[in-house]
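The values are calculated or read from the model by the stated rules, or taken from the named source; none is laboratory data. Just so it is clear, the model here is predicted, and its values are computed rather than measured. Every residue, glycine among them, receives a Cβ derived from its backbone with ideal geometry; neighbour counts consider all protein chains shown. These area figures cover heavy atoms from the full protein model, side chains too; ligands, DNA and RNA do not enter into them. Shrake-Rupley method; radii C 1.70, N 1.55, O 1.52, S 1.80 Å.
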Amino acid sequence: MSLRINDTVPDFTAETDKGSISFHDWIGDSWAILFSHPKDFTPVCTTEFGAVAQLADEWAKRNTKVMGVSVDGVADHKKWKTDIASVAGASPDFPIIADDGLKVSKAFDMLPADAYLPDGRTPADSATVRSVFIISPDKKLQLTMTYPMTVGRNFAEVLRALDGLQRTWQQPLATPANWIAGQDVIVALALDDAAAEQKHGKLDKKLPYLRYAKNPG
């Protein structure tokens, strides 16, 4: 069964390069980003882990924990982090799950349930393990992105999407195309004009169904 937006994400225990974790307990009352990779010591993934490391202060500002997933083991993760730090100029202090048994990859629907990765596996064997999951404090999936092996992920976009999710979470609001933090937001049609203006102040009504609010509270 596919994991869909607003589903409660699977809970699991797993070994990481920083010890054993229980996923829901690890999230706690924070937001969380789980991002997966098909194999350690691969070029695109090395740049991506570096990009995440460089954004450590930004994740912290947003009360967001990040965790990587790779189908290799703990020993490889620890060695790989040295390479990542040398390229990125930042230490990847977040944990990386050692998903060599594929439990997490299958639970998050990145591999078929009957998938088997051969000995001497290559990145092509686990090419589908290339996803980003953003999870809210109530342990529900809020956003997922999946990329091919040839296209490096844009973590500035992941950060922008996180800002949008946090701005609109559990509120009758949405963000327009290309929105960045601080810009006007869209008021959902769940509120009529009177209720929307009572809550958010005067609206900028572009269309009857497209209404912007400035700095809504």
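On the stretch given as the range 164-217, residues that are of a type in the set (A, V, I, L, M), part of a strand (DSSP E or B) and open to solvent by less than 50 Å² (accessible area, probe 1.4 Å) total 7.
Of all residues in the range 99-118, none satisfies being in contact (Cβ under 8 Å) with a residue 24 or more places away in the chain and part of a strand (DSSP E or B).
Only one of the numbered conditions (1) surrounded by 19 or more Cβ atoms within 10 Å (Cβ to Cβ); (2) modelled with pLDDT of 85 or more is violated by Ala107, and that is (1).
Taken over the range 143-168, the criterion of being among the hydroxyl-bearing types (Ser, Thr, Tyr), touching a strand residue (DSSP E or B) at 6+ places or on another chain (Cβ under 7 Å) and free of Cβ contacts under 8 Å to residues at least 60 places away in the same chain is satisfied by Thr146, Thr168. Being in a helix (DSSP H, G or I), without any contact (Cβ under 8 Å) to a residue 40 or more places away in the chain and over 19 Å from the mean Cα position of the chain (by Cα) is a property that Ser86 has.
Within the range 28-63, the set of residues being part of a helix (DSSP H, G or I), of a type in the set (A, V, I, L, M, F, W, C) and open to solvent by 20 Å² or more (accessible area, probe 1.4 Å) comprises Val44, Ala51, Ala56, Ala60. Taken over the range 136-158, the criterion of being polar (S, T, N, Q), in a loop (DSSP other than H, G, I, E, B) and open to solvent by 60 Å² or more (accessible area, probe 1.4 Å) is satisfied by Thr150, Asn154. Residue-level analysis places Phe94 among those that are in a loop (DSSP other than H, G, I, E, B), under 15 Å from the mean Cα position of the chain (by Cα) and at pLDDT 85 or above.
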